[in-house]
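The values are calculated or read from the model by the stated rules, or taken from the named source; none is laboratory data. Remember, it's a predicted structure, so these values are computed and weren't measured experimentally. FYI the Cβ positions are ideal-geometry reconstructions off the backbone, even for glycines, and counts take in every protein chain you see. SASA here: full protein model, heavy atoms, side chains in, ligands and nucleic acids out. Shrake-Rupley method; radii C 1.70, N 1.55, O 1.52, S 1.80 Å.
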Number of protein chains: 2
Amino acid sequence: MSRVRLTDEDARFVEKYRPDAYPRPAVTVDLAIFTVIDARLVTLLIKRKEAPYRGRWALPGGFVRVGSSRKDQGESLDDAASRELREETGLPLDPGYLEQVGAFGEPNRDPRMRVISVGYFALVRPALGALVQAGTDASHAEWVSVKDAQKRTLAFDHESILTTALARLRERLGSSSVAFALVGKTFTIPELRAVHEVIHNQVLDPGNFRRRFLRWLEDGVIEEAPGRRITPSKPASVYRFCKSC
Amino acid sequence: MSRVRLTDEDARFVEKYRPDAYPRPAVTVDLAIFTVIDARLVTLLIKRKEAPYRGRWALPGGFVRVGSSRKDQGESLDDAASRELREETGLPLDPGYLEQVGAFGEPNRDPRMRVISVGYFALVRPALGALVQAGTDASHAEWVSVKDAQKRTLAFDHESILTTALARLRERLGSSSVAFALVGKTFTIPELRAVHEVIHNQVLDPGNFRRRFLRWLEDGVIEEAPGRRITPSKPASVYRFCKSC
DNA sequence: ACAAAAGTGTTAATTTTACACCCATGC
DNA sequence: GCATGGGTGTAAAATTAACACTTTTGT
């Protein structure tokens with residue numbers, strides 16, 4: 001983020017400035033965290049333990065930490081989202097993938113007060129996804145298939161955040177960094193195809209998918225990796241994402 | 001926006017709720033308002049009359065009006081953007097086109113306090129664009145070619161908002177509603193092509209462009225309109241956007 | 001008549017799609 | 001050997017790109 005140096009006049013003005021002249025909204029981040037489990041696209045939902053909407057399912061999220069002084073203005077939005085992701089999943093760092101999808105700020109979306117939420121979508125590897133359930137109070141957090149999640153009545157306007165995030169995920173799936181965030185550190189082409197099929201909810205031609213994929217190999221985005229898969233038929237070759245072959 | 005009815009418990013809780021427990025950020029909307037003038041893509045910049053960054057050029061924008069009570073939570077983000085658009089351009093309603101591009105909330109992007117800005121991009125017709133300059137204090141607001149705007153050092157992080165907005169505009173240009181927002185109420189194919197050329201900064205084949213365009217005609221998105229253009233060569237036929245032929 | 005730009009036609013190149021077929025492996 | 005699914009080949013279809021050519025206007 002590029003920022004510009006202050007003039008002396010600006011600096012003097014800042015010292016005099018009185019905040020709180022106008023009411024301010026609270027600002028939160030809410031996350032649609034996706035992974036693939038048992039060939040279903042799932043998202044992490046939290047059962048709210050407090051009002052409002054107590055007992056209802058909601059996207060994980062929380063308030064953005066805003067410093068109380070000019071010197072300390074708190075954390076960035078991305079940092080807030082990343083922090084919530086870690087806190088709610090209990091997973092170690094590994095950002096996986098995290099992208100903002102926009103601000104959601106209709107009045108009265110929260111009955112307590114004016115709250116503006118910045119929506120994110122996040123991806124975690126399936127292998128890690130399985131750990132989340134175990135690490136948390138089972139009744140508190142749950143992987144729910146996106147289809148089911150959209151049928152439940154979520155708290156606040158989380159339904160619309162989820163829908164927007166899902167659309168964004170589908171848009172981004174063509175990009176390699178997104179595509180590889182939902183498979184293991186090593187993977188086969190059929191594994192990757194299965195993920196695409198689940199997300200787009202349609203079967204894909206194996207041959208054609210393979211050809212699209214092979215461009216990434218030619219471009220050096222991925223490389224062959226050692227390893228095998230146990231299969232009831234011909235085993236596929238294993239690849240890995242290649243950030244610095 | 002779908003929202004869910006409160007339970008009685010929720011309602012009771014809301015009554016007790018004490019806001020202001022944590023510091024809150026100020027929230028603004030900032031707009032990249034585009035139009036085409038003299039075959040240049042231009043955006044409206046405001047010369048700041050107050051600190052911080054006094055005298056520097058900035059995107060038009062302002063604080064989101066947040067009500068001070070639970071009953072009145074103020075205006076929506078879209079409404080705030082739409083209001084600023086009207087206030088800064090002095091143009092009558094006619095939304096033209098307005099779309100959110102995301103939240104920009106790095107700490108210290110504003111030296112006074114933590115400010116989170118929601119960026120929008122807006123389109124106004126060229127014919128209207130010319131009026132804006134006249135209606136405002138000339139030294140206050142100015143149409144600046146996007147290329148020049150990106151060379152000037154804009155206030156805050158407006159450079160990054162502008163860049164993001166421009167990218168979004170280019171993405172959306174294929175959609176009819178966006179494409180037609182930058183030409184007159186009636187227009188010719190060459191006029192429309194000129195707009196595309198300016199925005200994508202490349203010359204387009206007239207024949208091929210025409211064919212792409214004609215699909216919209218077949219789909220009934222547009223229709224022929226009466227009228228002519230004064231030209232030094234063969235005049236093109238005139239069309240109009242057709243919301244309910 | 002001439003220049004200029006609209007509009008039409010045609011063809012090659014590229015990408016997408018569909019589907020046949022061979023191959024390696026576990027059982 | 002046989003079923004299963006990985007991997008390869010190929011050809012039709014659709015889209016894109018390049019460019020020649022005809023038409024209509026103002027001068």
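Identify, by number, the condition in (1) within 16 Å of DNA strand C (Cβ to nearest atom); (2) closer than 30 Å to A:Pro107 by Cβ; (3) within 14 Å of chain B (Cβ to nearest Cβ) that A:Arg170 doesn't meet.
Among (1) within 16 Å of DNA strand C (Cβ to nearest atom); (2) closer than 30 Å to A:Pro107 by Cβ; (3) within 14 Å of chain B (Cβ to nearest Cβ), the lone unmet condition for A:Arg170 is (3).
Go through segment A:197-207 residue by residue and tally those that are surrounded by fewer than 19 Cβ atoms within 10 Å (Cβ to Cβ), more than 8 Å from DNA strand D (Cβ to nearest atom) and part of a helix (DSSP H, G or I).
Qualifying residue count, segment A:197-207: 2.
So, in segment A:227-245, exactly how many residues are over 19 Å from A:Arg125 (Cα atoms), touching a strand residue (DSSP E or B) at 6+ places or on another chain (Cβ under 9 Å) and more than 14 Å from DNA strand D (Cβ to nearest atom)?
1
If you scan segment A:85-125, which residues turn out to be open to solvent by less than 10 Å² (accessible area, probe 1.4 Å) and acidic (Asp, Glu)?
Across segment A:85-125, the qualifying residue is only A:Asp110.
One line per residue, one yes/no per condition, for (1) in a helix (DSSP H, G or I); (2) of a type in the set (S, T, N, Q):
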site: B:Asp148; (1), (2): yes, no
site: B:Thr163; (1), (2): yes, yes
site: B:Ala181; (1), (2): yes, no
site: B:Gly184; (1), (2): no, no
site: B:Arg193; (1), (2): yes, no
site: B:Gly220; (1), (2): no, no
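Quick one: count up the residues across segment A:219-240 that are within 29 Å of the chain's Cα centre (by Cα) and open to solvent by 80 Å² or more (accessible area, probe 1.4 Å).
Final tally of qualifying residues: 3.
Within segment A:218-233, how many residues are β-branched (Val, Ile, Thr) and touching a residue at least 24 places away in the same chain (Cβ under 8 Å)?
So the answer is 2.
Go through segment A:22-73 and give me each residue that's open to solvent by less than 40 Å² (accessible area, probe 1.4 Å), within 26 Å of A:Arg168 (Cβ to Cβ) and of a type in the set (Gly, Ala, Ser).
A:Ala26, A:Ala32, A:Ala58, A:Gly61, A:Gly62
List every residue pair whose Cβ atoms lie under 9 Å apart, where the two residues are 6 or more positions apart in sequence or sit on different chains, the first residue falls within segment A:67-90 and is under 19 Å from B:Ser117 (Cα atoms), and the second residue, located anywhere, is hydroxyl-bearing (Ser, Thr, Tyr) and part of a loop (DSSP other than H, G, I, E, B).
That search, which allows pairs on different chains as well, returns A:Ser68/B:Tyr22; A:Arg70/A:Tyr17; A:Gly74/A:Ser68.
Name the residue, out of B:Leu85, B:Leu91, B:Leu41, that is within 16 Å of the chain's Cα centre (by Cα) and modelled with pLDDT of 95 or more.
None of the other options fit; the residue is B:Leu41.
Of the conditions (1) part of a helix (DSSP H, G or I); (2) among the hydrophobic types (A, V, I, L, M, F, W, C); (3) not assigned by TED's automatic domain parsing to the domain that holds A:Ile46, A:Ala236 clears all except one; give me its number.
Among (1) part of a helix (DSSP H, G or I); (2) among the hydrophobic types (A, V, I, L, M, F, W, C); (3) not assigned by TED's automatic domain parsing to the domain that holds A:Ile46, the lone unmet condition for A:Ala236 is (1).
Do you know which residues across segment B:208-218 are within 12 Å of DNA strand C (Cβ to nearest atom) and either of a type in the set (D, E, K, R) or open to solvent by 70 Å² or more (accessible area, probe 1.4 Å) (or both)?
Those that are within 12 Å of DNA strand C (Cβ to nearest atom) and either of a type in the set (D, E, K, R) or open to solvent by 70 Å² or more (accessible area, probe 1.4 Å) (or both): B:Asn208, B:Arg210, B:Arg211, B:Arg212.
Could you run through segment A:65-112 and say how many residues are more than 9 Å from chain B (Cβ to nearest Cβ) and assigned to a strand (DSSP E or B)?
3
In this structure, is B:Val183 touching a Leu at 6+ places or on another chain (Cβ under 6 Å) and away from DNA strand D (no atom under 11 Å from the Cβ)?
Considered against the rule, which asks whether it is touching a Leu at 6+ places or on another chain (Cβ under 6 Å) and away from DNA strand D (no atom under 11 Å from the Cβ), B:Val183 comes out as yes.
Which number in (1) closer than 20 Å to A:Leu45 by Cα; (2) away from every other protein chain (no Cβ under 14 Å); (3) within 15 Å of the chain's Cα centre (by Cα) marks the one condition that A:Ala179 misses?
(1)
Quick check, is B:Thr186 open to solvent by 40 Å² or more (accessible area, probe 1.4 Å) and assigned by TED's automatic domain parsing to the domain that holds B:Arg212?
When the stated conditions are applied, B:Thr186 passes them.
State yes or no: is B:Asp137 in a loop (DSSP other than H, G, I, E, B), over 24 Å from B:Pro52 (Cβ atoms), modelled with pLDDT under 85 and charged (D, E, K, R)?
So B:Asp137 does not fit the description; no.
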